[in-house]
Amino acid sequence: MTDRLKNTEQHLELNKRYGVNNYKPLPVVIERGKGVWVWDIEGNRYLDFLSAYSCQNLGYGNSRVVRALVRQAKRCGNVSRAFLHDEQGSFMQELAALCGKEAVLPMNTGAEAVETAIKAARRWGLRTKGITKPEIIVFKNNFHGRTTTIVGFSSEEAYREGFGPFCEEAFKIVPYGDAFKLIGAINKNTVGVLIEPIQGEAGIIIPPAGFLQAVRNVCDTFGILMMADEIQTGLGRTGKMFACDHEGVVPDLYIIGKALGGGILPVSAVVGNRNILDVFDPGSHGSTFGGYSVACAVGREALKVLIEEQLCERSSEMGEYFMNELRKIRSPHIKEIRGRGLMIGVELNTKARPFCEALMKEGLLCKETHENTIRFAPPLVIAKKQIDWAMKRIKKVLESE
């Protein structure tokens with residue numbers, strides 16, 4: 001057994017030697033976290049402005065969620081979906097009620113939930129319309145996960161290169177924010193539209209006002225499904241429970257993940273009505289860990305914390321304050337600042353990575369996306385004084401030559 005390493009360089013060397021080069025992390029090794037703060041193995045403290053891509057909406061080590069995990073883990077672990085367990089029904093009932101829907105299909109990762117929604121839409125099209133070659137419309141610069149099916153309809157070549165062949169005839173890509181192009185892509189084989197209400201990995205791209213409602217109207221007009229990927233944007237990140245709520249839109253399927261696991265476990269789900277999700281029958285879909293007892297207990301408590309501590313409202317308030325402070329920065333590097341709630345992108349006229357590295361040295365952790373955009377997404381429990389602490393460092397770095 002290897003002794004515990006306490007030196008950052010040793011960890012970086014081990015990662016280089018034994019890890020696969022599919023990430024390019026900042027050179028920091030996190031040991032523990034609490035609330036909005038994390039500490040590295042050498043005792044340095046950082047303010048986390050990434051939140052594990054929205055997994056940590058409740059902050060690190062939320063005591064209520066940790067207690068729920070420990071309590072359920074001691075009582076009963078995974079019995080699989082071969083049997084029922086006592087947390088399962090309540091979790092599905094509470095999540096369905098939150099979404100205003102009738103049924104929940106629990107999974108683990110966001111990508112699994114997206115795959116589940118795709119399968120549901122295809123079988124729904126077959127069973128309700130007799131469509132044998134179903135097509136789903138997606139949007140340019142989408143990001144819905146890393147499975148072979150999903151990267152097959154990505155417009156980002158780096159996600160696709162070398163992983164083909166793909167089932168490209170099953171998906172059509174149209175420009176994000178263009179309702180006319182969306183209408184033009186619909187044909188007799190179209191079964192649904194898969195959309196991110198805000199494109200996160202693309203650089204925090206917010207659609208034109210009214211676009212989500214236009215997508216909803218198009219889906220209603222043509223009798224196809226609207227599937228909203230709220231994995232990053234959902235559960236308070238944008239200042240509403242779901243990003244679709246900003247336009248009063250209710251999709252046919254909600255795809256939820258990340259924060260649903262309270263920052264501790266991978267928990268995801270597809271939520272919709274019976275007329276769609278009842279296309280699954282025994283043996284047609286499943287997951288060994290999907291909806292297992294500990295995941296359900298953690299998911300239930302994460303939702304309770306989100307609602308009872310009014311974190312959607314906090315996200316809206318703190319996000320507005322943070323955006324206003326960012327707009328006061330006078331920097332030749334800044335091209336545009338955009339966001340909703342605590343999901344904010346600062347697009348630069350140059351590559352963002354050096355600025356993220358400089359912010360790390362100042363005690364602030366964030367990450368570049370699409371090369372030129374800094375993503376700021378702190379835990380929703382952040383306070384005004386912590387934003388002020390961060391702003392001093394952001395201002396210093398962005399106003400540098």
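Points worth noting:
- Cα-based Rg and Dmax for the chain, where Dmax is the largest Cα-Cα distance (Å): 21.2, 63
- Helix 8-18 axis versus longest C-alpha principal axis of the chain: approximately 40°, rounded to the nearest ten.
- Segment 51-192 pair-distance distribution - Cα-Cα, 5 Å bins, rounded %: 2, 8, 12, 15, 17, 16, 11, 10, 7, 3, 0
- Partner aspartates and glutamates whose Cα lies under 17 Å from the Cα of Lys351, excluding those fewer than 8 positions away in the same chain, are identified as Glu201, Glu336, Glu368, Glu371, Glu399, Glu401.
- Local net charge near Ile173, Cβ-Cβ under 14 Å (Lys/Arg +1, Asp/Glu -1): -3
- To the nearest ten degrees, helix 293-308 and the longest principal axis of the Cα atoms of the chain are 70 degrees apart.
- Compactness index (Cα Rg / 2.2 N^0.38 Å), segment 243-401: 1.28
- Candidates Met391, Cys55, Val66 compared by Cα position along the dipole of the chain: farthest toward the positive end lies Val66, with charges placed on Cβ.
- Label point 7 Å beyond Cα of Arg146 along Cβ direction - residues of segment 268-308 with amide nitrogen under 18 Å: 268
- Sorted by Cβ density within 10 Å, fewest first, the residues Val218, Val79, Val397, Val270: Val79, Val218, Val397, Val270
- Working note: Karplus 6.51/-1.76/1.60 with θ = phi - 60° gives segment 267-282 the couplings 9, 9, 6, 10, 10, x, 8, 4, 5, 9, 6, 6, 5, 7, 10, x Hz, where Gly and Pro are set to x.
- Couplings 3J(HN,Hα) of segment 126-141, computed from phi: 5, 7, 9, 10, x, 7, 9, 10, x, 10, 10, 8, 10, 10, 4, 6 Hz, in residue order, whole Hz [Karplus 6.51 cos²θ - 1.76 cosθ + 1.60, θ = phi - 60°; x for Gly and Pro].
- Sorted on the mean count of surrounding Cβ atoms within 10 Å across their residues, most packed first, peptides 227-236, 6-15 read 227-236, 6-15.
- Considering only alpha-carbon pairs that sit under 8 angstrom and 6 or more positions apart, the relative contact order computed for the chain is 22 percent.
- Ordering Ala297, Ala120, Gly234 by Cα displacement along the dipole of the chain toward the positive end leaves Ala297 in first place; charges were set at the Cβ atoms of Lys, Arg (+1) and Asp, Glu (-1).
- Counting DSSP beta bridges with both ends in the chain, the antiparallel % (nearest 5): 65 percent
- Taking only Cα atoms of segment 248-330, radius of gyration then Dmax in Å: 17.5, 59
- More than 18 angstrom apart: percent of Cα pairs within segment 324-401: 32 percent
- With Cα atoms, 0 to 90° folded angle of helix 63-75 axis to the chain main axis: 60 degrees
- Using equal-weight Cα scatterers in the Debye expression, the normalised intensity of segment 41-80 in log10 at q = 0.18, 0.21, 0.23, 0.34 Å⁻¹ is -0.72, -0.81, -0.86, -1.05.
- Förster radius 41 Å - calculated FRET efficiency between Lys74 and Ala97 (Cβ-Cβ, nearest 0.05): 0.90
- Highest-fluctuation residue, Asn142, Asn275, Asn372 considered, GNM on the chain with Cα pairs under 10 Å: Asn275
- Pair-distance profile P(r), taking every C-alpha pair of segment 180-295, with 10 angstrom steps and integer %: 12, 39, 34, 13, 1
- ³J(HN,Hα), Karplus 6.51/-1.76/1.60, whole Hz, each residue of segment 96-111, x for Gly, Pro: 4, 5, 4, 8, x, 10, 9, 9, 10, 10, x, 9, 10, 8, x, 4
- Neighbour counts of C-beta atoms inside 10 Å place Phe180, Phe355 in the sequence Phe180, Phe355, starting with the fewest.
- Put simply, the amide H of Lys335, placed in the peptide plane, has neighbours under 5 Å in Glu347, Leu348, Asn349, leaving out anything fewer than 5 places away on its chain.
- Close amide H pairs (under 5 Å, H built 1.01 Å from N) link Thr190 with Glu135, residues at least 5 positions away or on another chain.
- Lysine pair count for segment 63-308 (Cα-Cα distance under 22 Å; residues 8 or more apart in sequence or on different chains): 24.
- Mean Cβ neighbour count within 10 Å, used as a protection proxy, ranking 239-250, 256-267 highest first: 256-267, 239-250
- Segment Glu31-Asn217, length gained on full extension (0.36 nm per residue, minus Cα span): 62.2 nm
- Segment 63-308, dipole about Cα centre (Lys/Arg Cβ +1, Asp/Glu Cβ -1), debye to the nearest 20: 500 debye
- Burial ordering of Asp281, Asp220, fewest other beta-carbon atoms within 10 Å first: Asp281, Asp220
- Computed helical MRE - 222 nm, the chain, DSSP H runs ≥ 4 contributing -39500 (n - 2.57), nearest 500: -11000 deg cm²/dmol
No lab work stands behind these numbers, since they all come straight from the coordinates. The structure displayed is predicted, hence computed values, not measured ones. Virtual Cβ from ideal backbone geometry, glycine too; neighbours counted across all protein chains shown.
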